[in-house]
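Shown next, in structure tokens, is the structure this report addresses.
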There are 2 protein chains.
Amino acid sequence: MTTLKTASGIALRGKRDDPMFKDERPGWKGYIEWEAYPEKRKLAEEILATYEFDAPPEFQLCPLPDTNPILEGVRWKQYHDALGSNLRNIPDISWEYVKKEKAADMIHVLQFPYNGEPPRGRLVDTEITRNEDHFVRNHGGIPEIDAEAYTLDIEGLVNDPKRLTLADLQNEELFPRQSNVVSLQCSGTRRIEQIHEYPGDGDELINAPWGEGAIGTSRWTGVSLKKVIKYCGGLKDGGEGIHLEMFGADTYFKKGKVYNYVVSVPWRKVKLNEVLLAWEMNGKPLPRIHGYPLRTVVFGYIGARSCKWLYKIKAIRGPSLAPVQMKEYLYYTPQVGKQNALYSNGFSIQDMPVSSAIMEPVSFQQIIHDGSIRLKGWAYSGGGHWPIRVEVSSDGGSVWYEVPHENMSTKYFYAWRTWFMDLPVDAEGWLEFCVRTWDNALNTQPTYVRSAWNWDLHVTSSCHRIKIYSINRSKPLTAKRLKMLEEKNTPIIPITHPMEFDLETQEEYDKEMEKRGGRDPLE
Amino acid sequence: MTTLKTASGIALRGKRDDPMFKDERPGWKGYIEWEAYPEKRKLAEEILATYEFDAPPEFQLCPLPDTNPILEGVRWKQYHDALGSNLRNIPDISWEYVKKEKAADMIHVLQFPYNGEPPRGRLVDTEITRNEDHFVRNHGGIPEIDAEAYTLDIEGLVNDPKRLTLADLQNEELFPRQSNVVSLQCSGTRRIEQIHEYPGDGDELINAPWGEGAIGTSRWTGVSLKKVIKYCGGLKDGGEGIHLEMFGADTYFKKGKVYNYVVSVPWRKVKLNEVLLAWEMNGKPLPRIHGYPLRTVVFGYIGARSCKWLYKIKAIRGPSLAPVQMKEYLYYTPQVGKQNALYSNGFSIQDMPVSSAIMEPVSFQQIIHDGSIRLKGWAYSGGGHWPIRVEVSSDGGSVWYEVPHENMSTKYFYAWRTWFMDLPVDAEGWLEFCVRTWDNALNTQPTYVRSAWNWDLHVTSSCHRIKIYSINRSKPLTAKRLKMLEEKNTPIIPITHPMEFDLETQEEYDKEMEKRGGRDPLE
């Protein structure tokens, strides 16, 4: 657990059982306003500096724990604990919402702040993701905000700053309702492939080892931020060079300092009606874990911009300088790492590129088949593009097969397409299956993980590759072996389990050896 | 532990505390003769059939244990235990010899039968391997044979079968002495790379997860088998098509049956004086663990043919049909596996191909340097060839540098060459270093592990590749970061440990952003 680092900490420690930092407003439990109070942030920083926190676990240079949750988030729990009784229970409260609102079989990548993805196969069974299966990538605890107490402040470089209630936003006389099918994707999707290729940044908010499930698709309903800005009299100077900074009620930590979750999107994006303030997810109120009562949904962007528990929007010049926007979600060239990374020498990830994944079968599966294997998966492109063609290969990417259009789900401007394919497979033994997608701008995916590895391990968009052991029953020798094993009631899988039986009799061997001219040359 | 499988086993089990199978001869402890007594082998087989033995551990489809020994060999200990009190202690006795005869810091890949390799870097510090560092790949327990009681039988298709004592063999009036520097290599060397690429055969004698150290070089002294055969009047029919079957005193198990360790080499090989009956290893008597008092050393062949604790040589037509020769050490095409492998459709590994390894640095090392990194390693080619050129690359094999001849050890006809090289490295971040060797017949190595993966996971001779994180102090940004960390007394390694400090100040960031024209385009 946490230990005190300095003697001066003792006085502060005495307060640990007090609610040192109180909730900001009635009806907003777990929301501490940091951004508006520099003196509060300074005190929190001083308190944190008196502690020695546990080091984050090493999980990149050694095998991942085979547990669920995979990672716990001890350090972040300790940060909350150190700041007094009002923050102490946030991790527990948040975990209760995981259990209540998410599917029981979620893969808990990180317990706190909660990061979780659904089991692989189920995710692509439907083009719209069930709410309980939708991935969650939170950066802090879950605030509990009453809809009746909820307000949204619009301020900064708007001509007519306003405070709006949820009822205002839902008033169709003030704002036309907008509803879109939109995929959200964490830039960490498939990060595990980058970690296994080369370890990267050991950020204190752990770079979670995501699989292929940190993507989901919902019908989101709410109002376009553009309409809300118009309602506030529009932006100063017609919006030229202006970004909209969005404030989330969750608490965020970065290098010993405390913040609310703050990110921004450019007015150019908002103007396209591609930034939605949403209160409904697939026709239901937002789950708490997904941002109830109101969140942003930014179409085609990295999920991190879709701010949850939104309480304020501020129009500013240029992108936000808050840490999540300025110091996180940067994409570095491969020669950049701990020795030379700056905030300025990585570019800021906004639009998401074309990518895809095979969700079934899964890597290392050993499959008995008759000449074809069914694959299913997803394909996505952000930034206003959509997946136009999916191709799969059974030989690591030499020969590609196009997924027939009738095996692909609906085209949406802002969403993925799920797909399936019966891939012809003649060869036996270990094969590398892979998938690549082309979007409507003819972008396709980098070839290998190595092709686009980057220090912060973001955006693993290279061709997704899995290892499959093919056992082709249509081959006579294989059919014979399978029959023999069946008669002996012995499964062939896993292939690494030794076979108790001789592979051939001495007579068969001698006969075959004679045909082959023996082991040695004739002369 | 073992459990009884059948009721009929109970009578046999009663005997477990008796020495059911006695030592063959006085002065030969732990040597049970199986090959000459079919009825003894049948009884042992019946006894083994009454037991249910523990399944071998699954270690290929999941991470390897981080222990030393890495694997224990429980099942093989149980086989010995099941056969009565005379075999029961063999695993313990063998382990005592490991502790006595091998370096304290050996990597114990498998405890019983003992498989072990030395720590990477030390192995290539000398061109001759210290006896205590030489890898060991045993297939059974270690027999304890008195030199005075020792005899070697020469029989089968020789004109004048004989029994020779060690004194006879060492009598220089009968046999000229022969001494050669010879590398022995296990065909499992670098198997871990194949396992990590694709799991393979889960043989009951575990396919040990060897690193790069299952190779060693000694000066071996003894007599040429050719001279011994001549002393026995030569072979029938002038030796045409004849192989020499060699019997080791250790006990070997295969699919529920019991054997001595038996392998063969062709007379063609013996005729070249490339098969030595050796009693000395680097001027000292053979260690027990390496075959005392007499073993075979077959130059350029897979180590498995260099039979230890040799007690009999039999001239036969064609290769041995004993399991180690006929059923093991087969090299399959990649589409062959559990579903279709036969003894006849893999070829028998005898000559070893050209191969090499980087022994320092080791994979995943993070290295601070000034523009060059020192590599050291080994290079070898079997089958009568020798390494003529070693090349290394810092970019995965696009640009190759030749290791200067003055950095390579002595050329021998039958041994490896150790080498070192200061490799120019400009790039930073994760790099793939690799090595390949050319032999005097212009053979070189397959490019990737995938290029030559095979079901039994033998002969990993592809270019050896390691992942290195390069931190080049001659780069200004890196020098600045290293200086900052030094001032704060914080190591940069491991790179996955989060850095507590901001990467740049707000002022530096703003200045740099202005130079770059901000995050967004101008218009």
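Structure above, values below:
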quantity: Total residues in the range A:192-208, condition under 22 Å from A:A357 (Cα atoms) and open to solvent by 10 Å² or more (accessible area, probe 1.4 Å); calculated: 5
quantity: Qualifying strands (runs of 3 or more DSSP E) (wholly inside the range B:147-224; at least 3 residues being over 24 Å from B:E35 (Cβ atoms) and touching a strand residue (DSSP E or B) at 6+ places or on another chain (Cβ under 6 Å)); calculated: B:178-185, B:215-224
quantity: Verdict on B:E406 being outside any strand (DSSP E or B), open to solvent by 30 Å² or more (accessible area, probe 1.4 Å), of a type in the set (D, E) and more than 26 Å from B:T478 (Cα to Cα); calculated: yes
quantity: Top-ranked residue in the range B:429-438 [being within 14 Å of chain A (Cβ to nearest Cβ) and crowded, with 20+ Cβ neighbours inside 10 Å; ranked as nearest to A:P199 (Cα to Cα)]; calculated: B:W430
quantity: Residues located in the range B:225-263, provided they are in a helix (DSSP H, G or I) and not aliphatic (A, V, I, L, M); calculated: B:K226, B:K227, B:K230, B:Y231, B:K236, B:D237, B:G238, B:G239
quantity: Any chance B:D426 is at pLDDT 95 or above, within 12 Å of chain A (Cβ to nearest Cβ) and open to solvent by 50 Å² or more (accessible area, probe 1.4 Å); calculated: yes
quantity: Conditions (1) farther than 20 Å from B:Y331 by Cβ; (2) surrounded by fewer than 22 Cβ atoms within 10 Å (Cβ to Cβ): number failed by B:Y448; calculated: (1)
quantity: B:C463 within 21 Å of the chain's Cα centre (by Cα) and either open to solvent by 10 Å² or more (accessible area, probe 1.4 Å) or farther than 22 Å from B:D351 by Cα (or both); calculated: no
quantity: Odd one out for A:V298, checked against (1) touching a strand residue (DSSP E or B) at 6+ places or on another chain (Cβ under 6 Å); (2) touching a residue at least 40 places away in the same chain (Cβ under 8 Å); (3) away from chain B (no Cβ under 14 Å); calculated: (2)
quantity: Looking only at the range A:364-387, and only at residues there that are part of a strand (DSSP E or B) and in contact with a Lys or Arg (Cβ under 8 Å, 6 or more places away or on another chain), the one that is most open to solvent (accessible area, probe 1.4 Å); calculated: A:I368
quantity: Helices (runs of 4 or more DSSP H) contained entirely in the range A:25-127, each with at least 1 residues that are open to solvent by 40 Å² or more (accessible area, probe 1.4 Å), basic (K, R) and touching a helix residue (DSSP H, G or I) at 6+ places or on another chain (Cβ under 6 Å); calculated: A:74-82, A:85-88
quantity: Test: residue in the range A:228-239 that is touching a Ser or Thr at 6+ places or on another chain (Cβ under 6 Å), of a type outside the set (S, T, N, Q) and touching a residue at least 40 places away in the same chain (Cβ under 8 Å); calculated: no
quantity: Selection within the range A:496-522 - of a type outside the set (D, E), closer than 18 Å to B:Y343 by Cβ and either at the interface with chain B (Cβ under 8 Å from one of its Cβ atoms) or open to solvent by less than 40 Å² (accessible area, probe 1.4 Å) (or both); calculated: A:P498, A:M499, A:F501, A:L503, A:Q506, A:Y509, A:M513, A:R516, A:G518, A:R519
quantity: Out of B:N472, B:N443, sole residue that is within 12 Å of chain A (Cβ to nearest Cβ), on the phi < 0 side of the Ramachandran plot and in contact (Cβ under 8 Å) with a residue 60 or more places away in the chain; calculated: B:N472
quantity: Lone unmet requirement of (1) of a type in the set (S, T, Y); (2) closer than 26 Å to B:H458 by Cα; (3) more than 10 Å from chain A (Cβ to nearest Cβ) for B:Y343; calculated: (3)
quantity: Residues (within 10 Å of chain A (Cβ to nearest Cβ), touching a residue at least 12 places away in the same chain (Cβ under 8 Å) and open to solvent by 40 Å² or more (accessible area, probe 1.4 Å)) located in the range B:475-495; calculated: B:K475, B:I493, B:P494
quantity: In the range B:308-332, residue farthest from the other protein chains (Cβ to nearest Cβ) [restricted to those that are over 21 Å from the mean Cα position of the chain (by Cα) and farther than 30 Å from B:A147 by Cβ]; calculated: B:R317
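The values are calculated or read from the model by the stated rules, or taken from the named source; none is laboratory data. Everything numeric in this text was worked out from a predicted model, so none of it was measured. Please note: Cβ atoms are built from the backbone with ideal geometry, for glycine as well, and neighbour counts cover all protein chains shown. Calculation scope for accessible area: heavy atoms of the full protein, side chains included, ligands and nucleic acids excluded. Shrake-Rupley method; radii C 1.70, N 1.55, O 1.52, S 1.80 Å.
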